[in-house]
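The next block holds one structure in the form of structure tokens; read it before the comments.
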Amino acid sequence: MLAQLALLAATAAPGAVHAAPPDPAAVRPAEEVEYTDLEITLDLSALESRKGSKLDEGHWRGSWTGVLHGGAVRVDLLVYDRTSFKRLRDASDVANVVYFNRSNRSRQEDVFFDFSVSRPFSAPVGELPFGWFAVHDVYDGTSKASSEAYVCGLGAKFGFALEVRTEAPLESEAVDALQTWAAGAIRYSGELLDPAWTDAEADSRYRSDAPDDLLADIDKRKRKSTIVRTDHYIVFTDIGPGTLKAFTKALEENYDEIRSVFPFDEIEGERLLPVFYFRDRDDYIDWYVKNLGAKRSSAERSGGVASGDVYSTYHQAPKATVHIHEQTHQLFRNRLRLGGGGSWYQEGVAEYMSSKPGDLGEIKRRAKAEDGLVPLQEFVMVPSLLQSSKKGTRKDGGSNSGAAYDQAAAVIEFAKHSKFGRERFLEWVHAVGRVGRGDLPAIERATARVYGVGLEGFEAEFRAYWSKRRGVKNWHAPAVRKR
């Protein structure tokens, strides 16, 4: 099950970031521009013939024009208040806000928006020691006409993006040079976070999120609480040491297995991922209701959930499939930075990781039946595969949600293991995972860009694969990244 987020900018006021930015003022600014509320200073000394000024126009806090490395540019400072954008956790989330809002605006103008470059860089441009750099190439027909680059950071109270628009398209060397300049142009003066969490931070998170009855028992010394750090996780628990050791070992093994199939680079300075692991199921249900605002009846159907940065569950076998399923959701959101695509995509990758080849055998029969599978153009639009179970049960037995989860995993298996899909599998995973959830035109474009066919052609190959599928070797074999 997934209690994942919609793309982050959905928390902003409707329409708040879609207006065109103001024109730069015709005033030559100082070389350094200080923003005390943002805890940043911009160094504009390399921007020759510059004009512009600080602003206070909603999300626009500064706008300048000038010449950088011999090319004309426009530089805008965009700011996102964390009291409104509550789900910003690192600089990549700021880039996601930019992506969401720019792609929405571009769709209204019937223009496709995507990042050709999206990567972290090491520099103290926020409360973590890394920022995020992304580039969108603007096309005139089939020719690249210009570029838009975004250098993103996250402070204690605000996220910010330095948007640099160029009149000429950026080639690879110019992209690297622009990233180097922009990373040095932002100086953050706020306090840095400890990637491993300080004891005070960890205790605060435990007391903020743990169910009230459990906290009351801990305060009365009826139960003990423990906070344990592993290589990649910080675990909040009331479980005994022997059981906890087996669980944390499984967490790290699952992490390695997920990363081998869906590779990602580990960034120095990333924070340990939080896990709440309860001895009693009732405490987990209480946590679910308290932190997700859900009804108790919904919580009682759950064996574990990934939401935001956290994975929460209760004591089950260390190798129970719920763990790797929900850890996949957690890693896709917080390490691969792929929170889009839709429920079919998010549940597909998680169900694939928690399945074995024999679990999907029913798909072969359904692929041969005229109405055995949901057409992909309809399937990718389903808001929640879990909630599809409310529509009743299938004629052949089982819930609609179970059938939907199987089909979602089958799509991922097809893309990873078929002759048609495997060479460009990871490229497709990243292309689809960046687009808005249930955004059919964007999913069509992403699939066509990677495989040369839209969803109709993709589905024809998918059905052909499953009609003939005999067995799969190397089920979770490491995927190969093309550099």
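Couple of notes before you dig in:
- For the pair A246 and E423, a Förster radius of 35 Å applied to the C-beta separation gives a FRET efficiency near 0.35, rounded to the nearest 0.05.
- Cross-link reach list, lysines versus K295, counting only Cα pairs under 16 Å and skipping chain neighbours closer than eight places: K390
- For the pair S208 and E378, label points projected 7 Å from Cα toward Cβ lie 4.3 nm apart.
- Note on region 219-366: Cα-only Rg and Dmax are 15.9, 57 Å.
- For region 203-354, averaging the sequence separation of C-alpha pairs within contact (under 8 Å, six or more residues apart) and dividing by the residue count gives a relative contact order of 21 percent.
- Convex hull volume per residue in cubic angstrom - Cα atoms of region 318-454: 119
- Shown here for region 125-204: trypsin sites (Lys or Arg not before Pro) in loop regions (DSSP other than H, G, I, E, B) with at most 16 other Cβ atoms within 10 Å, namely K157.
- Estimated 222 nm signal from helices in the chain, with DSSP H stretches of n ≥ 4 weighted -39500 (n - 2.57), rounded to 500: -11500 deg cm²/dmol
- Compactness of region 145-186, taken as the C-alpha radius of gyration over 2.2 N^0.38 Å, stands at 1.26.
- Rounded to two decimals, the Cα-based Rg/Rh of region 124-233, with Kirkwood Rh, is 1.24.
- Qualifying lysines (Cα of each under 25 Å from Cα of K245; at least 8 residues distant if same chain): K222, K224, K319
- Crossing angle, helix 440-451 versus the chain [Cα axis fit, 0-90 degrees, rounded to tens]: 90
- Charge dipole (Cα centre; +1 on Lys/Arg Cβ, -1 on Asp/Glu Cβ; no other charges) of the chain amounts to roughly 1880 debye.
- Given charges at beta-carbon only (K, R positive; D, E negative), |dipole| of region 34-142 in Debye: 140
- Hull volume per residue, based on the alpha-carbon atoms of the chain and their convex hull, is 150 Å³.
- Along each principal axis, Cα extent of region 43-93, largest first, Å: 38, 23, 15
- With all pairs of different C-alpha atoms in the average, the Kirkwood value for the hydrodynamic radius of region 179-243 is 14.6 Å.
- Legend: residue pairs K356/K468; K364/K473; K364/K419; K249/K290, Cα-Cα distance threshold 21 Å; pairs beyond threshold, K249/K290.
- Per residue, region 255-393 exposes 39 Å² of solvent-accessible protein surface, assessed with a 1.4 angstrom probe and all protein chains in place.
- Note on the chain: dipole from Cβ charges, positive end direction compared against V411, L154, F121; the farthest Cα belongs to V411.
- Share of carbon and sulfur in the accessible heavy-atom surface of the chain [1.4 Å probe, %]: 49
- Accessible surface, region 141-190, averaged per residue in Å² (probe 1.4 Å): 41
- The chain, relative contact order in percent, only Cα pairs under 8 angstrom and at least six apart counted: 12
The values are calculated or read from the model by the stated rules, or taken from the named source; none is laboratory data. This is a predicted model, so every value here is computed, not measured. Counting neighbours? That spans all protein chains shown, and the Cβs are built from the backbone with ideal geometry, glycine included. With ligands, DNA and RNA removed, areas are computed over all heavy atoms of the protein, side chains included. Shrake-Rupley method; radii C 1.70, N 1.55, O 1.52, S 1.80 Å.
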